[in-house]
Amino acid sequence: MKKLLFLLLLPITLFGQHTLKGNFAVENGYQFAILYRIAPDNVFYVTDSNMNAEGILELPLSAEVTPGMYRLVYNLPQDQHFFDFLYNGKENIEFNFSSDKVITYVNSDENKLWSEYRKQLNTFENEIAGLMTGTEVNSKDMKKVLKRKKKWFEDVQETSKGTFAELFINNTQPYVTEQFENKSTYNSNAKKAYLKNLDFSNTMIQNSAIPLEQSLKYIFNFVNQENLTVSREENIDDIAKSVKTASAGYQMNLLENVYNFLVAQEEVAEANYLAGKHLIPLADANNKTELSNRLKLYMSLSIGAKAPNFGWPEYDGDVETINTLHQLEGYENYIVVFWSSLCSHCLKEIPILHNKIKTLDEGKLKVIAVGLEDFEQEWAPKAKLFLEFINVLGLGRWENQIGNLYDVSGTPTYFFLDGEKKIKVKPETLEELFIIIDAIE
């Protein structure tokens, strides 16, 4: 999940007390591991070590390593090669990590309990989902599964009493019932119960991956298959309401993590809904201007959004008028391209694009070429070669206001718009852009 970045590395003083030992399958070729403590807004560096030739890793867990949920990174990229575990401050932890990334705890009653609980819960969820795939739910089979699930969870609760894992188990408690319910009723009751036991205000829970993990499962799992967007938006509302039991700072941290995941998964509608209805108002109320501006910028550049407007001077003799992107008419589609006379890639691609445009029927496509420049003298002679374009000078280069409106960090950058100036595609290469142009012909 993209928000779980590994940028803020704050050291924790170590004086050996307990040990974390891992036995990694040699064939995986892992060479190092880094231990982090999970916090609401980041992960904090604790310690690291290389693995020996046999794949053995040993890390000290000092008195300064307080009880909580920790993250072990074992390869690069860090956001794809990690797992989380519990540390109660009282026991050594030892595990085997197989060639297919299966973790088995050899020593650590807490993690044996926690990992087995999560594994069995997932098994029950899959079994119930399988029984509900058809139009008719077999009541006899369903009752059997529900009864086994209820008995299993009661046993887990009894076994976990007094353990460190108890808090995490109780906060992820599933919906438990012995009564047969049709698909709609069961899903409705399971949804109501899902967030009931998750205590967003608990500091130990906040310092774990559970709130984000549970929030994302809630948003994506409890949906109406006929209208995913509406269901997800309603689920986002539920998360935003539930997390209000926590501080404003934590609310922003969690919702921003959810938002970043949605953006990474290109769930644009849901990301913008979360930002517009919940996260931007929260950021504005707490003077988090940078966060608010970033969210607004993403919304303005999302597929389907009307492209940010900008203007440029046009001359009829000595008479200057200002034209704008939104005022342009007469074309079915538009391209806004940011380039620079100092960019070697641009000097190759922009002439090719210009030649392509000259082959199109009148009214098909208009290109607005914004030159991000330090000096007009460098831009003007090259821009004169592109008579089919509307050429706009953007002085200040990377600090240019138009470039900032479009979040431009490199050239060339392309935006393909429809006749109403709504963003249809943001092609990353000239080849992708030509595929789009060929399609409209």
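The values are calculated or read from the model by the stated rules, or taken from the named source; none is laboratory data. Fair warning: this is a prediction, and the values are worked out from it, not measured in the lab. Heads up, the Cβs are rebuilt from the backbone with ideal geometry, glycines too, and the neighbour counts pull from every protein chain shown. Surface accessibility is based on the protein's heavy atoms, side chains included, excluding ligands, DNA and RNA. Shrake-Rupley method; radii C 1.70, N 1.55, O 1.52, S 1.80 Å.
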Selection within region 107-134 - touching a residue at least 24 places away in the same chain (Cβ under 8 Å) and acidic (Asp, Glu):
109, 110, 125
Are any residues in region 121-138 modelled with pLDDT under 95 and open to solvent by less than 50 Å² (accessible area, probe 1.4 Å), and if so, which ones?
128, 130, 131, 132, 134, 137
If we ask which residues in region 6-28 are modelled with pLDDT of 95 or more and assigned to a loop (DSSP other than H, G, I, E, B), their number turns out to be 1
Among (1) over 30 Å from residue 225 (Cβ atoms); (2) touching a Ser or Thr at 6+ places or on another chain (Cβ under 8 Å); (3) part of a helix (DSSP H, G or I); (4) polar (S, T, N, Q), the one test that residue 104 misses
(3)
Is it the case that some residue within region 162-174 is farther than 30 Å from residue 36 by Cβ, in a helix (DSSP H, G or I) and open to solvent by less than 20 Å² (accessible area, probe 1.4 Å)?
no
Please find, within region 381-398, the residue that is nearest to the chain's Cα centre (by Cα) out of those that are charged (D, E, K, R) and surrounded by fewer than 18 Cβ atoms within 10 Å (Cβ to Cβ).
397
Is it fair to say residue 158 is farther than 15 Å from residue 121 by Cβ, in a loop (DSSP other than H, G, I, E, B) and open to solvent by 70 Å² or more (accessible area, probe 1.4 Å)?
no
Of the residues 39, 63, only one is modelled with pLDDT under 95, of a type in the set (Gly, Ala, Ser) and either loosely packed, with under 13 Cβ neighbours inside 10 Å or touching a strand residue (DSSP E or B) at 6+ places or on another chain (Cβ under 8 Å) (or both); which?
63
Looking at 304, 276, 311, which one is open to solvent by less than 60 Å² (accessible area, probe 1.4 Å) and on the phi > 0 side of the Ramachandran plot?
304
Filtered residues of region 178-208 (kept if open to solvent by 20 Å² or more (accessible area, probe 1.4 Å), assigned to a loop (DSSP other than H, G, I, E, B) and out of contact with any Ser or Thr (no Cβ under 6 Å at 6 or more places or on another chain)):
178, 179, 181, 182, 196, 197, 199, 202, 207
Go through the residues of region 401-413 one by one and say whether even a single one is in contact (Cβ under 8 Å) with a residue 24 or more places away in the chain, aromatic (Phe, Trp, Tyr) and within 19 Å of residue 307 (Cβ to Cβ).
yes
With the condition kept exactly as written, say whether any residue in region 285-299 is buried (at least 17 other Cβ atoms within 10 Å of the Cβ), touching a strand residue (DSSP E or B) at 6+ places or on another chain (Cβ under 7 Å) and closer than 29 Å to residue 397 by Cβ.
no
Segments classed as helices (runs of 4 or more DSSP H), wholly inside region 259-333, with at least 2 members that are farther than 20 Å from residue 406 by Cβ, among the aromatic types (Phe, Trp, Tyr) and out of contact with any His (no Cβ under 7 Å at 6 or more places or on another chain):
none
Would you be able to say whether some residue in region 103-116 is in contact with a helix residue (DSSP H, G or I) (Cβ under 7 Å, 6 or more places away or on another chain) and of a type in the set (Phe, Trp, Tyr)?
yes
Give me the strands (runs of 3 or more DSSP E) completely within region 374-432, filtered to those with at least 1 residues that are hydroxyl-bearing (Ser, Thr, Tyr), ordered by residue number.
413-418
Boolean, residue 199 is over 15 Å from residue 238 (Cα atoms) and of a type outside the set (Gly, Ala, Ser):
no
